Amino acid sequence: MAKATIIGNTTWGNTLAALLSSRGVAVKLWARSEAEAEELRQRTHSYSSTSYIEDALHETNLVIWAVPSQKLRQNVSQTRDYLDSSMLLMNAAKGLEAGSGKRMSQVIAEVVPALEHQICVLSGPNLAREISQGLPAASIIASKDIAVAERARELMSSAEFLLFTSDDVVGVELCGALKNVIALGAGMVDGLSMGDNAKSTFIVWGWNEIVSLGVSLGAAANTFYGLAGLGDLITTCSSTLSRNHYVGYELAKGRSLSEIAASMSQVAEGVTTTMAVHQLRKKLNLKTPIIDLIYQILFEGFPLSRALLNEFKRLAQSC
């Protein structure tokens, strides 16, 4: 029987654990404390949980990190001594590391360089709540070595959770991370009741910037128009289950970023990703007015309603 280890007692981590278990995979979820592990044991019997990392990783075939992006380096470091070349290493977080601007697969490769060839990433329009309800979904597994992606797909794919493979790791990861930035802006437009026409225009302008940035970093342009790109973008910019859309919406209603974050049980990855991508675009010397606008609203105190309206006027004049 195949074995999988989930690192992270998150909504996404538990959803992936249940999904793999339904495929007949023996799953262990690693929790940070014995209290968390025991709570999971009481709640579910489809997969096991433990607070001991050595136990969690013993003879496993697939390791999935389903933790917030800013916690990934710490979590990989905790597992490093128990990883080996027989294991597939998968990142399921969507974000860029603050400060370094690195993609999540780059973070894993820095911590365990000898196992870089075993790394793959999972990304796509994957709202955990819908998947946990058994609703159909699809996603992409990407790896530099397509054979690694195929091995992971064989373990995880099902009739309800369709998986496809790609060797464009850069593009798939950037799509997953950067659509959250655009979703923040889409939420702001909705929060200001500017209408769907304005929101669609905003999304297109913003996504064009993301594609240009991605290509500059070595991604394939067509990745941004597939499942990992437009597919994830549509979901994140429109669903009421989207955390990043929620943050943008609540900001437009007058709540502070700190107040919104304190009220949420999960992380909206787009906030720290906005900071990271703003730094990246400066290094690349790219013009990204939409990304800059969202950054200024989040971190420089720009008045949200006036900033968005002024940006629409400015862009309209430049057309």
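Annotation: of all residues in the stretch 119-175 being among the charged types (D, E, K, R) and in contact with a Ser or Thr (Cβ under 8 Å, 6 or more places away or on another chain), the one that is farthest from residue 90 (Cα to Cα) is 129.
Quick one: in the stretch 89-131, which of the residues that are among the β-branched types (Val, Ile, Thr) and either without any contact (Cβ under 8 Å) to a residue 24 or more places away in the chain or touching a strand residue (DSSP E or B) at 6+ places or on another chain (Cβ under 7 Å) (or both) is surrounded by the most Cβ atoms within 10 Å (Cβ to Cβ)?
To start, the set of residues in the stretch 89-131 that are among the β-branched types (Val, Ile, Thr) comprises 107-108, 111-112, 119, 121, 131.
Cutting the leftovers down to either without any contact (Cβ under 8 Å) to a residue 24 or more places away in the chain or touching a strand residue (DSSP E or B) at 6+ places or on another chain (Cβ under 7 Å) (or both) gives us 108, 119, 121, 131.
On the way: 108: 29, 119: 22, 121: 27, 131: 19.
This residue is 108.
Among the residues of the stretch 155-190, the ones that are closer than 20 Å to residue 128 by Cα, acidic (Asp, Glu) and at pLDDT 95 or above come to 1 in all. Scanning the stretch 120-141 for residues that are more than 16 Å from the chain's Cα centre (by Cα) and in a strand (DSSP E or B) gives no hits. Just wondering, is there one or more residues in the stretch 84-102 that are in a helix (DSSP H, G or I) and not hydrophobic (A, V, I, L, M, F, W, C)? No, that holds for no residue.
Can you name every residue in the stretch 142-153 that is in contact with a strand residue (DSSP E or B) (Cβ under 9 Å, 6 or more places away or on another chain), part of a helix (DSSP H, G or I) and free of Cβ contacts under 8 Å to residues at least 60 places away in the same chain? Show your work before the answer.
First, the residues of the stretch 142-153 that are in contact with a strand residue (DSSP E or B) (Cβ under 9 Å, 6 or more places away or on another chain): 142-146, 148-153.
Checking which are part of a helix (DSSP H, G or I) leaves us with 146, 148-153.
Listed by number, the residues that qualify are 146, 149, 150, 153.
Here residue 19 meets each of (1) touching a residue at least 40 places away in the same chain (Cβ under 8 Å); (2) in contact with a Gly (Cβ under 7 Å, 6 or more places away or on another chain) with one exception, condition (2).
Answer yes or no: is there a residue in the stretch 89-103 that is closer than 22 Å to residue 272 by Cα, of a type in the set (S, T, N, Q) and in contact with a Phe, Trp or Tyr (Cβ under 7 Å, 6 or more places away or on another chain). Yes, the stretch 89-103 contains a residue that is closer than 22 Å to residue 272 by Cα, of a type in the set (S, T, N, Q) and in contact with a Phe, Trp or Tyr (Cβ under 7 Å, 6 or more places away or on another chain).
Of the helices (runs of 4 or more DSSP H) lying entirely inside the stretch 196-254, those containing at least 3 residues that are over 19 Å from residue 305 (Cα atoms) span 196-216, 232-238. For the stretch 130-145, the tally of residues that are aliphatic (A, V, I, L, M) and in contact with a Gly (Cβ under 7 Å, 6 or more places away or on another chain) stands at 2.
The values are calculated or read from the model by the stated rules, or taken from the named source; none is laboratory data. Bear in mind that the values here come from a model prediction, so they are computed numbers and not experimental data. All Cβ positions, even for glycine, are placed from backbone atoms using ideal geometry, and neighbour counts span all protein chains on display.
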